[in-house]
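Novice: Attaching a single structure in structure tokens format; questions to follow.
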Amino acid sequence: MPSLDRITIYPVKSLDGVDVGTATVLPGGALEHDRRWRFVDMEGRIVNAKRLAILHAVRAEFALAERRVTLAVDPAAVAARAVRGVDRLASLAADTFPLVPGPAGPCEWVSTALGFDVLLQERAGGGFPDDRDASGPTLVTAESLREVAGWYQIGLDECRRRFRVNLEVGGADAFWEDALACPRHPAETSRMVPRSDASIDPAADLPPAEPGPVRVGTAGFRATNVCRRCPVPSRDSRTGAATEWFEDIFVARRRQGLRPDVDASHWGTFYRLAVNTVGLGDVPEGIATGDPVT
């Protein structure tokens, strides 16, 4: 039976994650403290690694009970010199800051790293998910990550850091999660198998298959879509160096390995991995590694 192998939360958008043994699922589905904080520039635009590859060079360690973060520069990023502006980082020493909204806390340190002023925003009741319509945790199988890591020989931990998924499920096949969000109607699946009477179309006039609920321990979710990826996974998570032909290889492999029980007709692109979710509960729920996933 599939089970929850790993929980990772990302307290500040685009900074490092924290592996935890237990987490609280808030009403609406978000994990407590996940993407709770984010940086914006003085015009209110989101500051993230999609825009600024230099953020890959920043290492963050969190003490969430105290709402504090320690920031440091990754020496590998300075040595690689793979991203624009990396020379600014040489003058920054590791330091610890309170996570408080506004211009205080880590903002001066981050502003020096980026070369422009930033503010820290906080949303305690659900954070700042990329998909506001699917504010639950993202979910992927360990086998999916292992498969993708093998395409680039980057190692499983590096693949985890690149794709930044919240819940990792063990005991399930690669891309098992695709069928949670985009199931193919059983009759349509049977149509793909040679039949004695080709005039019979078992999928004719059938409504699209609807995703069913997913339960992690006692917490309920519904997968909404397979997540379309941004440029972040195409870069080394420590240095920001781009992996050559990353998206082209990814798309070709994903198309070739599409499961027969998955309906990808509306995807548009196969540059997708992990599923977005919404929560089905109205009260906080606890989840823990080892919980069954059903």
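Novice: Using only Cα atoms and rounding to the nearest 10 degrees, what angle (0 to 90) does helix 246-256 make with the longest principal axis of the chain?
Specialist: Tilt relative to the chain: about 20 degrees.
Novice: Next question. Once phi is turned into ³J(HN,Hα) by the Karplus curve 6.51 cos²θ - 1.76 cosθ + 1.60 with θ = phi - 60°, what whole-Hz value does each residue of the stretch 228-235 show in order, with x for glycine and proline?
Specialist: Working through the residues one at a time gives 6, 8, 9, x, 4, x, 7, 10 Hz.
Novice: What does a probe at Leu64 reach in the stretch 269-294, counting residues whose amide N is under 14 Å from the point 7 Å along Cα→Cβ?
Specialist: Answer for this model: 285-289.
Novice: Would you mind ranking Met42, Met1 so that the residue whose beta carbon has the fewest other beta carbons within 10 Å leads the list?
Specialist: Met1, Met42
Novice: Using a cut-off of 15 Å between beta-carbons, work out the net charge of the residues near Pro98 (Lys and Arg +1, Asp and Glu -1, Pro98 not included).
Specialist: Neighbourhood net charge equals -2.
Novice: Once both labels are modelled 7 Å past Cα along the beta-carbon direction, what's the Asp248-Ser91 spacing in nm?
Specialist: Once both label points are built, they end up 4.0 nm from each other.
Novice: What is the fewest-to-most order of Glu285, Glu158 by other Cβ atoms lying within 10 Å of their Cβ?
Specialist: The fewest-first ordering by Cβ neighbours comes to Glu158, Glu285.
Novice: Going by amide H atoms built from the backbone, whose H comes under 5 Å of the H on Leu273, apart from near neighbours?
Specialist: Amide H to amide H, under 5 Å and 5 or more residues apart or across chains, Leu273 pairs with Cys227, Arg229.
Novice: Do any trypsin sites (Lys or Arg not before Pro) in the stretch 70-154 lie in a loop, going by DSSP, with at most 13 other beta-carbon atoms within 10 Å of their beta carbon, and if so which?
Specialist: Those that pass, being in a loop and sparsely packed, are Arg81, Arg84, Arg132.
Novice: How are the C-alpha pair distances of the stretch 202-285 spread across 5 Å bins, as whole percents from the shortest bin up?
Specialist: All Cα pairs considered, the percentages come to 3, 11, 17, 17, 15, 15, 12, 8, 3, 1, 0.
Novice: Now for a separate question. Counting other C-beta atoms within 10 Å, and keeping those with at most 16, which DSSP coil GluC sites (Glu not before Pro) do you find in the stretch 17-85?
Specialist: Glu43
Novice: With springs only between Cα atoms under 10 Å, which of Leu26, Leu120, Leu64 fluctuates most in a Gaussian network model of the chain?
Specialist: Between Leu26, Leu120, Leu64, it is Leu64 that shows the largest mean-square fluctuation.
Novice: Whole percent per 5 Å bin, from 0 to the bin with the longest distance: what is P(r) over all C-alpha pairs of the chain?
Specialist: So the P(r) values, bin by bin, are 1, 5, 11, 15, 16, 16, 13, 10, 6, 3, 2, 1, 1, 0, 0.
Novice: If I model a spin label at Trp151 and Val100 as a point 7 Å from the Cα along the Cα→Cβ vector, what separation in nanometres do I get?
Specialist: Label-label distance for Trp151 and Val100, simple model: 4.5 nm.
Novice: What's the local net charge at Ala241, with K and R +1, D and E -1, over the other residues with C-beta under 14 Å away?
Specialist: Spelling it out: positives minus negatives among the neighbours equals +2.
Novice: How do Cys230, Cys107 rank when sorted from fewest to most other Cβ atoms within 10 Å of their own Cβ?
Specialist: Neighbour counts put them in this order, fewest first: Cys230, Cys107.
Novice: Pop out the ³J(HN,Hα) list for the stretch 286-292 in order, Karplus 6.51 cos²θ - 1.76 cosθ + 1.60 with θ = phi - 60°, rounded to Hz; leave Gly and Pro as x.
Specialist: x, 10, 8, 4, x, 4, x
Novice: If you don't mind, another one. Let a ≥ b ≥ c be the square roots of the eigenvalues of the Cα gyration tensor of the stretch 10-137; is it rounded (a/c under 1.5), or, if not, prolate (a/b larger than b/c) or oblate?
Specialist: Note, shape of the stretch 10-137 comes out prolate.
Novice: Return the whole-Å distance between the Cα centroid of the stretch 136-188 and the Cα centroid of the stretch 241-294.
Specialist: Cα centres, the stretch 136-188 to the stretch 241-294: 6 Å.
Novice: Then there's this: So which residue, out of Ala80, Ala219, Ala60, gets the largest mean-square fluctuation from a GNM of the chain using Cα contacts under 10 Å as springs?
Specialist: Residue with maximal mean-square fluctuation among Ala80, Ala219, Ala60: Ala80.
Novice: Using a Gaussian network model on the chain with a 10 Å cutoff between Cα atoms, which of Val20, Val262, Val214 fluctuates the most?
Specialist: Greatest mean-square fluctuation among the candidates belongs to Val20.
Novice: For all pairs of alpha-carbon atoms in the stretch 132-294, what percent lies in each bin of width 10 Å, listed from the first bin to the last filled one?
Specialist: Computed distribution, short to long bins: 9, 36, 32, 17, 5, 0.
Every read-out reported here was derived from the displayed coordinates using simple, explicitly stated rules and does not represent laboratory data. Keep in mind that what you see is a predicted model, and the values were worked out from it rather than measured. Positions of Cβ are generated from backbone atoms using ideal geometry, with glycine treated the same way; all protein chains shown enter the neighbour counts.
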